[in-house]
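Below is one structure, written out as C-alpha cells; comments come after it.
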Amino acid sequence: MLPVPAAPRQRLIHACVERQPVHRGTGLLPADQPGARRARLATCGTGRPKPRVVATACVDGAAAGDQTPSPARHQAPRSARIPAGQVASLNGARPRLPGQFDGSVAVLIDTGVAEEKPAARGADEAPGPVSGLGRLVWQLPASAVVAGFVSLALQWCVARLPIPTGSNVADALLNLTSVVLLAALLGLVAVRRWARWATPLSWAGLSALGTLPLAFLLHGSKFYLFGLSGDQFFRTQYLTRLADSPALSDGNYAEIPPYYPAGWFWVGARFANLIGFPAWAAYKPWAIITMAVAPVLAFVLWSVVVRRPVALLLAVLCGLVGLRVAAYEPYSWVVAAVLVPISVIVWQQRAASGENRSRAGWGASILAGLCLGVCAAVYTLLAFFFGAVLLTLAAAAAIADYRTTRQQPAEPSPKDPVPGWKPIWTATSRFLVSCSVALPLALLVWTPYLMRALVTPHEGNPAGHFLPKAGAFLPTPMMELSVAGLICLMGAVWILWSWHRSEIAQVLSLLVLGCYLWYLSSTLALSVGTTLLSFRAEPVLLTCLVCAGALGAWEFARWVASAWQQHHAAIVRTGFALTLVALLALSQTIPKALEDAVTPGLFAQAYATYDDTGHRAAPEPNREDGEAWNGEVLATLDQLTRTPPRDTVMLTSETQLLALRPYRGFQTVVKAYANPLADYDERRVLIDSWARSAGPHELLTALDRSRFAPPTAFVFTRQADGLHITLSRDVFPQNNSASDDVVFPAEIFASPQFSRRDVGPYTVITRR
C-alpha cells in the first residue's frame, strides 16, 4: 500500500475509496507537496475549505482485492499503519456499506481546518507559519550576535598563526579546515532528528564558513579585498568619516548630507569605536563579520520555510555563493542573502488557514517591511527590486484568492459586504503595512538628503553612469561548465518542473524573472543616458538558482532512497560524498571566481596597499612608491594645520590620505562617487580656474569667494613643470572615466598666507 505523508490540518477517516498515487516527501513543507496541497475553496456561507482526498493507506492489512503483496517501495511505513479500532475511535464507528472492502482503508483527507489538538511536531520538522515567524523575533538577533562573536574570534586566531606571506601555507590550511567544516555541516544535514544543540552549532559553523576563507586568504594584510583601490577607497573613506562622528554626513564633502545609504557604514563605524581600531583597520574585520552573518540569517529564515537540515544545506550554498561573487561588496550581500527566503515566507503565508492565516499574513508583512527598510538604509538598489517583488506577490495573491472566492459565490456579510473583494483588500493592506514598517527605517538614513534636495538644485544620479561588461550581457550561470554551473542548471530545471506544485519554485521563478527584467530595463535606460546597474542583481540570481538546485537535488535523493530502500545506506553514503566533493570544489575556487566576477588582483592589492605608517604586508615597502610616504605626509599635515582632520578640507588626488584620516575632500576622485548635491562639474571648473590664477592674491581671493567650503590644505605631486593633481571627468557610456592632469604653478603659493613643505614626491601646502 502507499505511505501516508505527514501533514498538518489533515486527519484520517474510515472510508472506502479508490487508491490514488501519492507524491513522496521532499523534505519541504506539506504545502510544497502535491499530495498535501491546501484546499482553499470556501463552502457557501461558511468560509470553510472543502475537504478532499489526499492519499490512502492500508489499515490492519491489505484492502480487499489485493491478492498479492505490494512492492517494497509501496509498503506503508509503520507510522502510516493505524489500527482499525483507532481509526474508528477517531472518526466514529460506521456500518459497513454494500460493496465495502473487508479490510480497513485509511484515507488522508485535507480538511483545510486546523485540528483542535494537533499531533506533537518533531524538532526536525519545519514549523507552521505562525510559530515559525514568532521565533524569528529572538533567533534573528541571537544568531547574528553568535555569528559575529564566532567570526571575530576566528579572525583573531587566524591572524596569530605563523603563516609566511607569499607561501601556499594559507591555502593548505584553508582547504583542510574547509574539509572538516563542510563535513561537519553535512553531518548535521544528514541527521535523522534535529537536536536543540544543533541549531546554535549550525550558527557557529556557518559563521566559520563565511569567515575562514577570507581570513586565511587575507592573512598578514591589514586591508580588505583590493586594499584602498577602486571602490574600496570610497567605502573605507565613508567608514572613516562616520567613525569620526556618528552624525550622518557625506563620505567626502564637507557640510553635505549623505547620498549613499549609510546604514552598514554607520554600524561599522560604531564597531570600530567599540574595538578601538582606526576605521581603515576595522573595515576588514567588519566586512568579514558581515560575510559570516549573512548565511546564518539565511539559515534562520529558511528554517521557517523548510526543515532545518534542508535549510542548513541552503545556507551553506548561500555562504559559498556570497564568497564567490559578492565578497567585494559585503553590505549588498547581507541584504541579498535574506531577500530570497523572506520573499518565500511572504508567499507561503497564504497557505495558512483561518485565524492562523491572518496572523501569519500580518507577521510576514511586518517581516517583509523590516527587510525593505533595511534594504533602503543599506543598499537602495535592492530596496527598489524587493519592493517590486512584494508588489508582484501582493497582486498575485489578490488575483489567486479573488478567483478562488468567486468560484463559490457567497451572500454579503458585515465582514465582506462585497463578496469576492476581501482578498484584494487583504493583499493591498498587507503590502501597505510592509511599506509603513519600511518607511521609518528608510527615513532614518534618507531624511537629511531629501530635506536638502528639496531646496537645493542638484545633478542627476552619477552612480548610474557605469556600464561594465558584466552589465552588457544577460548572465547564464546555468550554462557554465563547472560545479556551480551544474547546480544552477539543476535549479533552473527544478523551478520549471516544480512550478505548478511548489510555492517555493513559484517565488524563485519570480525572482529569477525579476533579475532578467532588471537587466533588460537597464539596457532600455541607456536611451535616457543612464543605467540601472543591473549587474548588482547577479548575486540574487545566483542565490535563487543554487537554492533551487539544492532543493531539486534533495527531492531527487529522497525519491531514489524511497525507490531503492534496500540500498538506503549506500545511497546515503554516495549522496554525502558527492555533496561534500561539490561543496569543496566551490570552496577551493573562491579566489578565482571572485576575481573573475570583479577584477584581477583583489587579493594581491590588499597586500600591496600601504597603511598610515607607510608599511605594507608584501612586498617590502619601496620608497619610490608615493604611498610609502603616507606616514610622513600625514605627520606634516598635522604639524602645518594644527587642527583635527575633520576640520580640514583637502584638495588632492592622493585618495589614500582621505581614507586613512577623516579629512574632508574638496573634490572626490571619480564622479561616480560624487554626491549629486556637490556639483561635481562646477567644482572641476573651479579648480581649473584656480590653477590659472595670476598670483597668490588672485588665488586667495578666488578661494574666499567660492560658494563651496574652500580647501585649507593641498597635497600635490611635485614635478618639474609644477604641482600636479589628477581630476576625472565623466565619459559615459565609455567604461570607467577619463583623467586629466591639472598643473598649479608653484609661484601662486608664494605668499605668507601659505605654508609649504616638500615630503618625498609630494608637496604639502596649507593656509595659515
Cβ under 15 Å from T643's Cβ, T643 left aside: what net charge do those residues give with Lys, Arg +1 and Asp, Glu -1?
+3
Among L301, L248, which comes first, second and so on when ranked by fewest other beta-carbon atoms within 10 Å?
L248, L301
With every atom except the alpha carbons ignored, what do you get for Rg and Dmax of region 560-688, in angstroms?
25.9, 82
Would you please calculate the Kirkwood hydrodynamic radius of region 645-755 over all C-alpha pairs and express it in Å, rounded to one decimal?
14.7 Å
Given a cut-off of 23 Å, name the pairs among K469/K592; K469/K671; K222/K592; K222/K469 whose C-alpha atoms lie farther apart than that in the structure shown.
K222/K469
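Values in this text are rule-based calculations from the coordinates and carry no lab data. Just so you know, these numbers come straight off a predicted model, no measurement behind them. Every residue, glycine as well, gets a Cβ built from its backbone with ideal geometry; the counts of neighbours run over all protein chains shown.
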